[in-house]
1. Looking only at residues in the stretch 285-315 that are in a strand (DSSP E or B) and among the charged types (D, E, K, R), which one is modelled with the highest pLDDT?
2. L372 is checked against (1) open to solvent by 20 Å² or more (accessible area, probe 1.4 Å); (2) not in a loop (DSSP other than H, G, I, E, B) and fails just one. What number does that condition carry?
3. Tell me, which residue of the stretch 241-280 that is basic (K, R) and over 26 Å from E365 (Cβ atoms) is farthest from the chain's Cα centre (by Cα)?
4. For the stretch 273-302, how many residues meet the condition of being open to solvent by less than 30 Å² (accessible area, probe 1.4 Å), more than 30 Å from N236 (Cα to Cα) and not hydrophobic (A, V, I, L, M, F, W, C)?
5. Name the one entry in D417, D439 that is more than 26 Å from the chain's Cα centre (by Cα) and among the acidic types (D, E).
6. Please indicate, with yes or no, whether at least one residue in the stretch 322-343 is of a type in the set (D, E, K, R), in contact with a Pro (Cβ under 9 Å, 6 or more places away or on another chain), surrounded by fewer than 21 Cβ atoms within 10 Å (Cβ to Cβ) and within 17 Å of L283 (Cβ to Cβ).
7. Quickly run through the stretch 472-496 and pick out the residues that are within 26 Å of the chain's Cα centre (by Cα) and part of a loop (DSSP other than H, G, I, E, B).
8. Hey, can you tell me all the residues within the stretch 416-444 that are open to solvent by less than 40 Å² (accessible area, probe 1.4 Å) and aliphatic (A, V, I, L, M)?
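The values are calculated or read from the model by the stated rules, or taken from the named source; none is laboratory data. Quantities reported herein were computed from a predicted structural model and do not represent experimental measurements. Heads up, the Cβs are rebuilt from the backbone with ideal geometry, glycines too, and the neighbour counts pull from every protein chain shown. Keep in mind that these areas ignore ligands, DNA and RNA; they rest on the heavy atoms of the full protein, side chains included. Shrake-Rupley method; radii C 1.70, N 1.55, O 1.52, S 1.80 Å.
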Amino acid sequence: NGSPNISLSNCRALRQCNGSHWFSSLAALALALSQLKSRYCIRSRRRIVNLDQQLLYAIMSTSSTDSPPRYAHSPTTTMREHGDNNNNGSDPQSPSTEEQQHQLEHNGLITKSLPRKNCCTWKVATVFLFFVAGALVATWQMLPAEDIVAKYIPQFDEPAVVYSGPEAGMSDGSSSSSSGGNSKDDGEGGDGGMGIDTMPTDPSEDGSVVGAGRTVPSFMQCPEGGGLCCNGNAENCMLRVDQMLFGMVHNSMSSEEGDFTFGYNQKYELEKALIAGYRGLNLDVCNCGGVIQFCHNICDLGERYPEEVFSNTLEFLNEYSSEVVVLLFQASTETGPTVWNDLHSEMKNVDGFVDMTYTHTYGGEWPTMGDLVQQNKRIIVFYFNGGTCYEDGCPPTFNYFYNYAAETQYESASLADLENFEYSCAITRKPKENGLPPDFLVVNNFVTPPDEDASAEANSRTFLADRLTACGNMNRMRPNFVYLDFWSHGVTAEVR
């Protein structure tokens with residue numbers, strides 16, 4: 001009440017102010033208040049004096065005498081006068097701050113306040129960052145981000161423009177066929193035929209093809225009554241392998257449907273790509289603890305096993321006896337060493353697979369597609385990016401890709417980079433200077449990192465036609481392999 005002496009006359013329920021029960025109850029209340037406010041009131045070792053302590057001192061004095069203690073100043077005044085060990089102007093009979101503190105500590109009513117320990121150690125920070133990273137990954141996997149993007153960002157509409165590039169040997173946009181190829185007499189781009197029909201099905205809301213990889217598309221035009229047919233068209237049978245154009249599914253093992261965690265290049269699995277008309281499969285070979293897998297440079301974040309892939313590919317070829325498939329293996333540099341003979345052993349585990357692989361002689365002419373179909377040698381195997389073979393050599397059916405191929409730029413970060421033909425059509429990998437001229441032209445038609453929206457446009461009719469024309473004319477070769485991401489978008493499978 002602001003009185004210089006503590007008065008308890010208004011406590012009607014208490015008959016003895018200095019009784020032990022009264023002292024104990026009030027002391028406990030004051031102690032609880034002190035602990036509650038200690039986090040805000042006590043900031044260092046020496047600044048202990050506050051309202052709670054003076055109240056405790058008053059209680060202690062009351063319990064030790066029959067008369068109320070002489071306390072010359074109100075709590076507010078006392079706190080102001082004492083401050084940081086400043087006792088100027090206080091009552092001479094009132095104990096000093098240090099005396100109050102010593103007596104309170106002696107009676108076990110307060111303890112010295114120590115500086116608060118910093119709990120943010122490197123271990124705590126590491127655990128915190130680990131959980132934050134885990135939460136972000138879980139959110140990314142569970143949130144339907146692609147559905148959200150597809151809903152609010154319009155997909156690229158494929159224009160109905162027939163391919164009529166000069167390197168295809170057509171001027172009126174109609175399909176034609178010829179025995180021309182990449183030989184020196186082919187002129188600026190060769191005289192092989194190339195045509196694009198209509199899409200077999202309508203695009204879905206996300207821009208991919210409805211039913212992609214479930215039914216044979218309509219542009220596969222083998223004669224109904226039988227007869228020789230090669231990769232969907234009887235006219236292809238007259239063409240050599242180096243005169244064909246194959247849609248090459250880039251990192252075909254890496255798909256969203258196949259549960260690849262990061263940076264997948266395809267939406268659906270490679271078996272569906274075969275049914276949809278793609279005849280080239282690019283596969284990254286990984287050595288994961290001595291186990292051969294098809295992974296995307298990192299083990300355990302998505303994988304396909306060779307025996308499964310080879311079995312399914314063989315099943316497809318047995319069902320469609322007119323089709324020829326190219327397998328392009330890339331050794332992963334981020335995992336254990338790749339030995340190509342080990343991959344060949346995986347092929348042997350699938351009955352009939354090795355028997356169907358074609359053996360080519362370096363420097364020899366490539367067979368026609370008809371020859372491969374009639375001889376049932378309908379699997380062509382290439383490899384690149386390192387790897388080793390046994391001392392007695394590589395498997396005879398394995399061909400080093402860059403003994404035969406020249407490849408355009410593979411590091412395009414955007415559609416603008418792809419449209420910059422001087423950059424994107426430039427040859428970056430090819431046979432050695434003392435080697436034979438390349439038989440194949442490889443056109444990379446994807447962006448890095450993988451982008452489904454960009455792929456929908458890059459695989460469209462107009463974009464693909466302009467790019468193949470530019471790269472073919474620039475390098476004076478007809479394109480043979482077109483690398484692409486997200487094969488379920490666009491018309492690449494129809495190009496021939």
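1. So the residue we want is R304.
2. Of the numbered conditions (1) open to solvent by 20 Å² or more (accessible area, probe 1.4 Å); (2) not in a loop (DSSP other than H, G, I, E, B), the odd one out for L372 is (1).
3. Of the residues in the stretch 241-280, the ones basic (K, R) are 267, 272, 279.
Subsequent filtering for residues that are over 26 Å from E365 (Cβ atoms) retains 267, 272.
On the way: K267: 13, K272: 22 Å.
Only one residue fits best here, namely K272.
4. Of the stretch 273-302, the ones open to solvent by less than 30 Å² (accessible area, probe 1.4 Å) are 273-274, 276-286, 288, 292-295, 302.
Going one step further and asking which of them are more than 30 Å from N236 (Cα to Cα), we end up with 285-286, 288, 292-295, 302.
Filter again for not hydrophobic (A, V, I, L, M, F, W, C), leaving 293, 302.
Counting residues in the stretch 273-302 that are open to solvent by less than 30 Å² (accessible area, probe 1.4 Å), more than 30 Å from N236 (Cα to Cα) and not hydrophobic (A, V, I, L, M, F, W, C) gives 2.
5. One residue alone meets the criteria, D439.
6. Within the stretch 322-343, not a single residue is of a type in the set (D, E, K, R), in contact with a Pro (Cβ under 9 Å, 6 or more places away or on another chain), surrounded by fewer than 21 Cβ atoms within 10 Å (Cβ to Cβ) and within 17 Å of L283 (Cβ to Cβ).
7. D485, F486, W487, S488, H489, G490, V491
8. L418, A426, L441, V442, V443
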